[in-house]
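Values quoted throughout were computed directly from the atomic coordinates according to the rules given, and no laboratory measurement underlies them. On a predicted model such as this, the values are computed, not experimentally measured, just so you know. Quick reminder, even Gly has a Cβ in these numbers, built from the backbone with ideal geometry, and neighbours come from all protein chains shown.
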Amino acid sequence: MEISIITLFPHFFDSIFSYSIIARAVKRGKIKINTVDIRTFGVGPHRQVDDKPYGGGTGMVLRVDVIDRAIESVRTNKSRETVILLDPKGQVYDQQNAEKLSKFEHLILVCGHYEGFDERIRKLVDFEISIGDFILSGGEIAAGVIVESVARLTPGVLIKEDAARNESFSETPQGRILEHPHYTRPDIYKNEKVPKVLLSGDFNKIEKYRKEEAARLTIKRRPDLKKS
């Protein structure tokens, strides 16, 4: 899996991809992450990447010609390559989207900033994704979310690949349900006890308990997920 991130702030990612699962996946060659500085493709001696919006208004708008050149610089024309615009107007991201994106060989993530994009940029991409109904200053945090969620589903990234199949929002015969609760030591803390079944050693009972708890939590907290 290769991921190219087109951004005004390539060094933003130096820290967040230097730890934990992503860092190990990169080191082991399971994923490759490239950052592309939009200013490299800017116009004129000052590498201008944005301009005032036609018709007036506040803020600055990213230029279509600049973003087009940035995208073309990382295209490989592989059959399993896709370009994604990170934008609050896009489809709200979920685990099903992550599973879909994990099937590609190359993801190109376009991060916006300032007031927004020239509308014609939308014709240069395959998907538009939002990570929620709120506004951020730019797409870098959203790109980090997508990289993390997709990388976990890439074969060989997680040491125990079953872990990704048993997490919240994974597909099950009952629908996409929440994960069951977890407990560890101490057995009793402030008069709250670990459920006895988890201490029983009876793995059939434990599995039954976990499935029941997952279903109960889903109905209580996210009934929209469970199949009728």
- Note on the structure: Counting only DSSP beta bridges with both partners in the chain, the antiparallel fraction in percent, to the nearest 5, comes to 25
- Exposure proxy check on Arg221, Arg24: fewest-to-most Cβ neighbours within 10 Å is Arg221, Arg24
- Roughly speaking, what is the stretch gain from Glu99 to His11, that is 0.36 nm per residue apart minus the C-alpha to C-alpha distance, in nm to one decimal? 29.0 nm
- Task: Taking every Cα atom in the range 2-151, find the radius of gyration and the maximum pairwise distance Dmax, and write them in Å.
- Result: 15.1, 50
- Item | Label zone at Arg80, where the point sits 7 Å out along the Cα-to-Cβ direction: the range 1-41 residues whose backbone N lies under 17 Å | 1-4, 29-33
- Query: Roughly how many debye, to the nearest 20, is the charge dipole of the chain about its Cα centre, given +1 on each Lys and Arg Cβ, -1 on each Asp and Glu Cβ, and no other charges?
  - Reply: 920
- Item | Alpha-carbon centroid distance for the pair the range 21-70 / the range 208-224, whole angstrom | 42
- Item | Footprinting exposure proxy for Arg152, Arg69 (fewest neighbouring C-beta atoms within 10 Å first) | Arg69, Arg152
- Query: Within the set Lys27/Lys103; Lys103/Lys208; Lys100/Lys193; Lys103/Lys220, which residue pairs have Cα atoms separated by over 29 Å?
  - Reply: Lys103/Lys208; Lys100/Lys193; Lys103/Lys220
- Query: How much length, in nm to one decimal, is gained on full extension between Ile141 and Ala23, taken as 0.36 nm per residue of separation minus their Cα-Cα distance?
  - Reply: 40.8 nm
- Note on the structure: Computed Rg/Rh for the range 166-221 (Cα atoms; Rh = Kirkwood radius) stands at 1.02
- Ranked on Cβ counts within 10 Å of their own Cβ, fewest leading, Met1, Met60 go Met60, Met1
